[in-house]
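To start, the structure under review is shown below, and the notes come after it.
Each value in this text was obtained by applying a stated rule to the coordinates, not by laboratory testing. For clarity, every value in this text was computed on a predicted model and none was experimentally measured. Glycine gets a Cβ as well: all are built from the backbone with ideal geometry, and neighbour counts include every protein chain shown.
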Amino acid sequence: MTDGISEELIPFLESNVSILLGTRDAQNRPACARLMGVRIAPDRRSVTVLLPTKVGKRSLDNLADNACAAVTFVRVTDNRGVQIKGRASAPREPTADDLSLLVRYRDGFAEALHEIGVARTTSLRLSNRPSVAFDVTVEQVFDQTPGPAAGAAMPARGSS
């Protein structure tokens, strides 16, 4: 169990990175879905994420069964990656602030994909509504950047 996300990671996690949710069912069969935004809690011990329901049904079923969540953040321009593992809360209807976050994230992610050659018109069509919001309590944080440190646990919260 970690004390949360280090302050140094927040700008990366809240940037225009690719965000994927990994879940598993009772037989340990994986499911993956694209998330559409993240907000780090002020205490850095949880994150709020937005999951489009059209692409997230299996993931939502898995979370209802066991609440185990892995949220992976990867910057598409250099493959820097971080994964947060933890327990998901029950999904809820997104607030107006959540929906504003979703739109900002979608537009920013489209720009990030445009930098590597994906047309904005293509990425702006990513499924994003309807969506649900839920919180993931941070239990572990891992470096997932390809290389010798991939899979290593990352330092907990900074001393700020």
Rounded to a whole number, the Stokes-Einstein D of the range 53-129 in µm²/s (Kirkwood radius over Cα pairs; 20 °C; 1.002 mPa s) is 149
Gained length - residue 97 relative to residue 77, 0.36 nm times residue gap less alpha-carbon distance
4.4 nm
Stretched fully, the stretch from residue 26 through residue 66 gains (0.36 nm per residue minus C-alpha distance, one decimal, in nm) 13.6 nm
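Quick one: plug the Kirkwood hydrodynamic radius of the chain (C-alpha pairs) into Stokes-Einstein at 20 °C, 1.002 mPa s, and report D in µm²/s. Present the calculation step by step, with values, prior to reporting the outcome.
On the way: Rh = 15.8 Å.
The calculation lands on 135 µm²/s.
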Using a basic spin-label model with each label point 7 Å from the Cα along Cα→Cβ, how many nm lie between residue 118 and residue 87?
3.3
